[in-house]
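First up is the structure itself, then whatever we jot down about it.
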Amino acid sequence: MLVLGEDVHRLKGGTNGATKGLATAFPERTLGTPISENAFAGLGGGLALDGRFVPVIEFMYPDFLWVAADQVFNQIGKARHMFGGQDPVPLVLRTKVAMGSGYGSQHLMDPAGIFATSAGWRIVAPSTAADYVGLMNAALALGDPVLVIEHVDLYGEKDEIIAGDLDYIIPPGNAAVRREGKDVTVISYLSMVKHSLEAIEQTGVDAELIDLRWLDRASLDWETIEESVKKTNAVLIVEQGAVGTSYGGWLADEIQRRLFDWLDQPVQRVTGAESSPSISRVLERAAIARTEEVVAGLETVRRHAGGAV
């Protein structure tokens with residue numbers, strides 16, 4: 001394994017301490033890089049194809065994917081398909097959603113929608129510490145490139161991991177039902193799982209909450225989604241980021257085509273605004289979704305159900 005990215009070797013382990021201590025424990029496998037996402041993403045892709053290393057790349061903020069777009073989407077994502085699946089690409093790309101931190105429009109995007117509509121990438125988005133361990137282990141074991149999305153709101157939260165074996169794996173196709181209910185299926189990921197739970201409690205809607213954990217088209221847990229929708233007959237997709245690069249747009253389309261006969265109303269969605277978050281706290285708050293927006297989404301579902309929910 002080789003960890004590389006900007007400041008992964010200093011600042012007490014990058015900007016949020018995720019690689020703390022690695023440069024001391026494994027100096028030969030922790031590579032701090034210049035500000036050059038296109039270069040070190042390409043290096044990581046080459047290392048993965050070479051087969052002697054599993055590179056773990058850190059993009060300090062996901063918006064920086066645009067300067068590395070050729071390597072990320074045109075090379076790393078497509079390599080297995082271009083060569084007939086003969087060459088594994090065991091690469092992990094870590095990045096974080098930093099909405100709410102005030103870093104402005106060039107730092108705060110949710111990359112899930114961009115990667116989910118691009119070929120070749122697996123995507124995981126953990127909402128708990130225990131899930132992070134199992135999903136990261138799965139990502140490191142796969143032969144496909146995997147995007148691991150984290151959220152700054154979760155870094156500071158206290159959580160528990162059951163003592164014992166830390167090599168467990170949460171494989172693709174394993175969503176988690178965080179709350180059972182009968183009136184609407186709420187589908188979410190990352191920190192919006194917590195906001196959804198808060199909104200469900202505030203509204204009193206008997207919602208079933210699914211934490212996707214695996215987000216890409218090939219890894220979605222359709223069995224869990226289908227079982228829930230057949231019970232609730234309504235869907236609310238909850239995400240935090242901008243509507244333009246929305247993850248839920250394609251998911252809503254897929255759900256209505258697969259499960260149309262069991263839906264009593266259109267698939268509803270909670271997203272951020274059309275604009276990207278700004279440095280201004282007021283404008284940033286106006287651009288992203290939190291608990292209040294999920295409450296509004298649940299009320300929309302309730303109205304479409306004739307007030308019965």
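The values are calculated or read from the model by the stated rules, or taken from the named source; none is laboratory data. Just so we're clear, the structure is a prediction, and the values are computed from it rather than from any experiment. FYI the Cβ positions are ideal-geometry reconstructions off the backbone, even for glycines, and counts take in every protein chain you see. Just the protein is used for accessible areas: all its heavy atoms, side chains included, with ligands, DNA and RNA removed. Shrake-Rupley method; radii C 1.70, N 1.55, O 1.52, S 1.80 Å.
Residue check: is Trp214 open to solvent by 20 Å² or more (accessible area, probe 1.4 Å), aromatic (Phe, Trp, Tyr) and either farther than 29 Å from Gly104 by Cα or touching a residue at least 12 places away in the same chain (Cβ under 8 Å) (or both)?
Here the answer is no, as Trp214 does not meet what is asked.
Do any helices (runs of 4 or more DSSP H) entirely within segment 146-253 hold 2 or more residues that are of a type in the set (S, T, N, Q) and farther than 26 Å from Ala41 by Cβ, and if so, which?
The helices (runs of 4 or more DSSP H) meeting that bar are 192-203, 222-232.
Consider only pairs whose beta carbons are under 6 Å apart and that are at least six residues apart or on different chains; among these, list those whose first residue lies in segment 3-24 and is on the phi < 0 side of the Ramachandran plot and whose second residue is loosely packed, with under 14 Cβ neighbours inside 10 Å and of a type in the set (Ser, Thr, Tyr).
Going by the 6 Å Cβ cut-off, the qualifying pairs are Asn16/Tyr155.
Out of the residues in segment 228-237 that are of a type outside the set (D, E, K, R) and touching a Lys or Arg at 6+ places or on another chain (Cβ under 8 Å), state the one that is farthest from Ser188 (Cα to Cα).
The extreme case among them is Thr232.
Taking the condition within 21 Å of Arg213 (Cβ to Cβ), open to solvent by less than 20 Å² (accessible area, probe 1.4 Å) and acidic (Asp, Glu), does Glu239 pass?
Against the criterion (within 21 Å of Arg213 (Cβ to Cβ), open to solvent by less than 20 Å² (accessible area, probe 1.4 Å) and acidic (Asp, Glu)), Glu239 qualifies.
Could you check segment 267-291 and list, in sequence order, the residues that are at pLDDT 95 or above and open to solvent by 80 Å² or more (accessible area, probe 1.4 Å)?
Listed by number, the list holds a single entry, Arg269.
Answer with yes or no whether Asp131 is assigned to a helix (DSSP H, G or I), acidic (Asp, Glu) and in contact (Cβ under 8 Å) with a residue 60 or more places away in the chain.
Answer is yes for this residue.
Could you list all residues from segment 32-79 that are within 23 Å of Ala125 (Cβ to Cβ) and open to solvent by 60 Å² or more (accessible area, probe 1.4 Å)?
Trp66, Val67, Lys78
Would you be able to tell me the number of residues in segment 293-307 that are open to solvent by 50 Å² or more (accessible area, probe 1.4 Å) and in contact (Cβ under 8 Å) with a residue 12 or more places away in the chain?
So the answer is 5.
If the Cβ limit is 9 Å and pairs must be 6+ apart or interchain, which residue in segment 141-167 that is free of Cβ contacts under 8 Å to residues at least 24 places away in the same chain pairs with which residue that is open to solvent by 70 Å² or more (accessible area, probe 1.4 Å)?
Glu157/Lys194
Residues Glu157, Glu180: which one is under 25 Å from Thr232 (Cβ atoms) and surrounded by fewer than 19 Cβ atoms within 10 Å (Cβ to Cβ)?
Within the list Glu157, Glu180, the selection yields Glu180.
If I ask for residues that are part of a loop (DSSP other than H, G, I, E, B) and modelled with pLDDT of 95 or more, which ones from segment 95-109 would you list?
none
Out of Arg179, Arg213, report the one residue that is under 20 Å from Pro62 (Cβ atoms) and of a type in the set (Lys, Arg).
Criteria check complete, one pass: Arg213.
Out of the residues in segment 73-87 that are among the small types (Gly, Ala, Ser) and part of a loop (DSSP other than H, G, I, E, B), state the one that is farthest from the chain's Cα centre (by Cα).
Gly84
Which of the residues that make up segment 47-72 are over 17 Å from the mean Cα position of the chain (by Cα), in a helix (DSSP H, G or I), of a type outside the set (Val, Ile, Thr) and over 14 Å from Asp144 (Cβ atoms)?
Once the filter is applied, which keeps residues that are over 17 Å from the mean Cα position of the chain (by Cα), in a helix (DSSP H, G or I), of a type outside the set (Val, Ile, Thr) and over 14 Å from Asp144 (Cβ atoms), segment 47-72 yields Leu47, Asp50, Trp66, Ala68, Ala69, Asp70, Gln71.
Cβ-Cβ below 6 Å, separation at least six or inter-chain, first residue in segment 268-283 and of a type in the set (A, V, I, L, M, F, W, C), second surrounded by 14 or more Cβ atoms within 10 Å (Cβ to Cβ): which pairs?
Note: pairs meeting the criteria are Val270/Val238; Val270/Ala289; Val270/Glu293; Val270/Val294; Val270/Gly297; Ala273/Ala287; Ile279/Gly102; Ile279/Gly104.
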